[in-house]
């Protein structure tokens, strides 16, 4: 990765780091969970597509392996830095003015609940330029609108390079609609995360 | 499937809340704003409204309001949502209910009735079919009309079959329905134990005494102060040692209520009223 001053400066200034992941993103998310330190300095929110009745599996595995304090989001939880939040299955996760979460059971978006778009759009409204969003591998187009919204609100948006993703469609959708300001490979993403 | 939230500003949301309260008497001030904003955006997109169009019909078109009320509240529900919850009710609440000659259950915010009938099936399977009665309430008359019918599309019922299996109840969900073409109609004996009526948690009061209240995935739409007001209403509506069930992500956080509701199941958010 060519050292990009703009990227690094905005990365450092951000307070909220959001990840969107679907099919093919598990390995990279697991590595993120293991690698980010307890003094990372930002609040981290993971929105991952998964099947509703197999809830505890991913959450359990992540919680057992994370260095950061990890929590499945509950209604009205307050966003705090150095905490990793995972959006619960079968709910949409919204962020309220005032810095807390609210949940919503309304219709699935792109057949997904949690929907990445819903959380990203809501983060854009409240946190704008303080957001960094990273969209990983996936087989549908959820997340692309949310990325665009964050980018338009001055936030930093990064799509995993489609050729580097197991399922290229999700990051590619964000690149095609102009939602991805940067396109980085897994290795480049990790360099940034650990910089 | 546009979820764009930029159509309406925070200040405009407050303006509409004000109009709805003044013109229609419904108070949405305690609703969470991010969700309200999403719903309002959705209504605007569905009707191809600008903010001023929406404002105009809310003030001048009385018929539109019923439709608005239906769209502004979330009416997505499932039968046996969170199967582990029903399992827990069976193990931890049913033994208590069975000590009553006649147990009354309140499903608050019941929407189109799926939870009410799930509960009715659970009671029947526990042998309390003739000893229990379930009240379903909602602010929305239109969804209650659907609930009273007890007719669901077969496709929907089939999608709840997996939930049903996880609850550990015997047989299959379709055992409780009469199926005609693509419609599934809940058995009459189950329907007989239910009553649906309008009740607004924000403004209405105690209307009966219950052994169990279930209010799941309703608090997620309410700000903390409103949640606490409704907890007070639930406390007053429960008989001594009655049970309160909230959604799986909804916990009682306020210290004042923690001492009045004992945690029975932390994961499923089942509480028991203590004290009087």
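The values are calculated or read from the model by the stated rules, or taken from the named source; none is laboratory data. Fair warning: this is a prediction, and the values are worked out from it, not measured in the lab. All Cβ positions, even for glycine, are placed from backbone atoms using ideal geometry, and neighbour counts span all protein chains on display.
Inspect the stretch B:211-222 for any residue being assigned to a helix (DSSP H, G or I) and surrounded by fewer than 23 Cβ atoms within 10 Å (Cβ to Cβ) and give the result as yes or no. So far as the stretch B:211-222 goes, no, none of its residues is assigned to a helix (DSSP H, G or I) and surrounded by fewer than 23 Cβ atoms within 10 Å (Cβ to Cβ).
Residue B:155 meets each of the listed conditions (1) in contact with a helix residue (DSSP H, G or I) (Cβ under 9 Å, 6 or more places away or on another chain); (2) modelled with pLDDT under 95 apart from (1). None of A:154, A:138, A:128 is more than 11 Å from every other protein chain (Cβ to nearest Cβ), part of a loop (DSSP other than H, G, I, E, B) and surrounded by fewer than 24 Cβ atoms within 10 Å (Cβ to Cβ) except A:154. For residue B:90, the conditions (1) surrounded by 15 or more Cβ atoms within 10 Å (Cβ to Cβ); (2) at pLDDT below 95; (3) out of contact with any strand residue (DSSP E or B) (no Cβ under 7 Å at 6 or more places or on another chain) are fulfilled apart from (2). In the set B:80, B:85, only one residue is touching a residue at least 40 places away in the same chain (Cβ under 8 Å) and either assigned to a loop (DSSP other than H, G, I, E, B) or away from chain A (no Cβ under 14 Å) (or both); that residue is B:80.
Here the condition is being farther than 19 Å from residue A:124 by Cα and surrounded by 14 or more Cβ atoms within 10 Å (Cβ to Cβ); of A:59, A:38, it holds for A:59 alone. In contact with a helix residue (DSSP H, G or I) (Cβ under 8 Å, 6 or more places away or on another chain) and facing another protein chain (nearest Cβ under 8 Å) - does that describe any residue in the stretch A:53-68? Yes; the residues of the stretch A:53-68 include at least one that is in contact with a helix residue (DSSP H, G or I) (Cβ under 8 Å, 6 or more places away or on another chain) and facing another protein chain (nearest Cβ under 8 Å). Looking only at residues of the stretch B:95-106 that are in contact (Cβ under 8 Å) with a residue 12 or more places away in the chain and assigned to a helix (DSSP H, G or I), we find that the one that is nearest to residue B:125 (Cα to Cα) is B:97.
Selection over the stretch B:147-172 of residues that are in a helix (DSSP H, G or I) and surrounded by fewer than 18 Cβ atoms within 10 Å (Cβ to Cβ) gives a count of 11. The sole residue among B:187, B:176 that is surrounded by 14 or more Cβ atoms within 10 Å (Cβ to Cβ), more than 12 Å from chain A (Cβ to nearest Cβ), within 23 Å of residue B:98 (Cβ to Cβ) and without any contact (Cβ under 8 Å) to a residue 24 or more places away in the chain is B:187.
Among residues that are modelled with pLDDT of 95 or more and surrounded by fewer than 22 Cβ atoms within 10 Å (Cβ to Cβ), residue A:176 is included.
Here B:136, B:109, B:113 are screened, and the one residue that is in contact with a helix residue (DSSP H, G or I) (Cβ under 7 Å, 6 or more places away or on another chain), touching a residue at least 24 places away in the same chain (Cβ under 8 Å), within 18 Å of residue B:244 (Cβ to Cβ) and surrounded by 22 or more Cβ atoms within 10 Å (Cβ to Cβ) is B:136. Here residue A:19 fulfils each of the conditions (1) modelled with pLDDT of 95 or more; (2) within 14 Å of another protein chain (Cβ to nearest Cβ) apart from (2).
Just one of the listed residues (B:196, B:257, B:225) is in contact with a strand residue (DSSP E or B) (Cβ under 7 Å, 6 or more places away or on another chain), touching a residue at least 12 places away in the same chain (Cβ under 8 Å) and not in a loop (DSSP other than H, G, I, E, B), namely B:196. Of the residues making up the stretch B:235-246, those that are in contact with a strand residue (DSSP E or B) (Cβ under 8 Å, 6 or more places away or on another chain) and without any contact (Cβ under 8 Å) to a residue 40 or more places away in the chain are B:235, B:238, B:239, B:240, B:242, B:244, B:246.
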